[in-house]
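Read through the structure below, which is laid out as structure tokens, and then see the notes.
The values are calculated or read from the model by the stated rules, or taken from the named source; none is laboratory data. Computed from a predicted structure; not experimentally measured. A quick note on method: Cβ atoms are made from the backbone with ideal geometry, for glycine too, and the neighbour counts reach across all protein chains shown.
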Amino acid sequence: MAVNEVIKLLRGQSNDHRLGAVSILDWKARNKKISSEEKHEIYQAYISNHLFINDWGMVDRAAPYVVGGYLFDKDKTPLYELATSKNPMERRTAIVSTYYFIRKNEIEDTFKIAEILVYDSENFVQTAVGSWIREAGKRDEQRLKVFLNKHAASMPRVTLRLAIEKLDSDLRKHYLGLVKN
């Protein structure tokens, strides 16, 4: 399916059609035989139509490969711009996109974007921050501990609980004990 046809689906009224559209973008982005021009076109389709990507499931379905995969070897400024957006799904895209980087053992942008979003008021952003720093922490537990030592006492509880989920029991208790009531 041509990207311009996918965009028509993405702009449709049906949530199912929009989810189908981001799924197609994701499948296209994962294709190893795709040209750099096609990758750019897919990325641009996602970013330019983000208004229609209005559900956390859509973001999680496509952002890692469509956005993260495209930006992996490029300037990451667009992610930092998304992280400061008024649109919570754009902020979620910023952190979720870094999953591609984490899979490539590059975690620094995950933690930098998490620094921007750690106190976000939106639950869907909070859960993404907690989940993605946990995933990055699997690659470098010490880096996760540095982040938690700085923020655990005041970050949203849902973010903290997701971030510490894979740590050993004593560490989980330690970080939960820092939370101010």
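When you scan the range 1-104 for helices (runs of 4 or more DSSP H) that lie fully inside it, which ones turn up with 1 or more residues that are touching a residue at least 40 places away in the same chain (Cβ under 8 Å)?
So the answer is 3-10, 15-30, 36-48, 56-62, 88-96.
Conditions (1) within 15 Å of the chain's Cα centre (by Cα); (2) among the hydrophobic types (A, V, I, L, M, F, W, C), marked per residue:
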position: A21; (1), (2): no, yes
position: I34; (1), (2): no, yes
position: S48; (1), (2): no, no
position: F72; (1), (2): yes, yes
position: P88; (1), (2): yes, no
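I'd like to know if the range 164-180 contains one or more residues that are small (G, A, S) and touching a helix residue (DSSP H, G or I) at 6+ places or on another chain (Cβ under 6 Å).
Scanning the range 164-180 turns up no residue that is small (G, A, S) and touching a helix residue (DSSP H, G or I) at 6+ places or on another chain (Cβ under 6 Å).
Need pairs with beta-carbon distance below 6 Å; first residue more than 9 Å from R134 (Cα to Cα) and within the range 160-181, second assigned to a helix (DSSP H, G or I); sequence gap 6+ or separate chains.
R172/I164; Y175/L148; Y175/I164
Within the range 4-32, work out how many residues are exposed (fewer than 12 other Cβ atoms within 10 Å of the Cβ) and of a type in the set (D, E).
Number of matching residues: 2.
Table: residues versus (1) outside the structural domain of E141 (by TED's automatic domain parsing); (2) aliphatic (A, V, I, L, M).
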{"residue": "L9", "(1), (2)": "yes, yes"}
{"residue": "A21", "(1), (2)": "yes, yes"}
{"residue": "Q44", "(1), (2)": "yes, no"}
{"residue": "W56", "(1), (2)": "yes, no"}
{"residue": "L82", "(1), (2)": "no, yes"}
{"residue": "E90", "(1), (2)": "no, no"}
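Does I24 satisfy being at pLDDT 95 or above and closer than 21 Å to L71 by Cα?
yes
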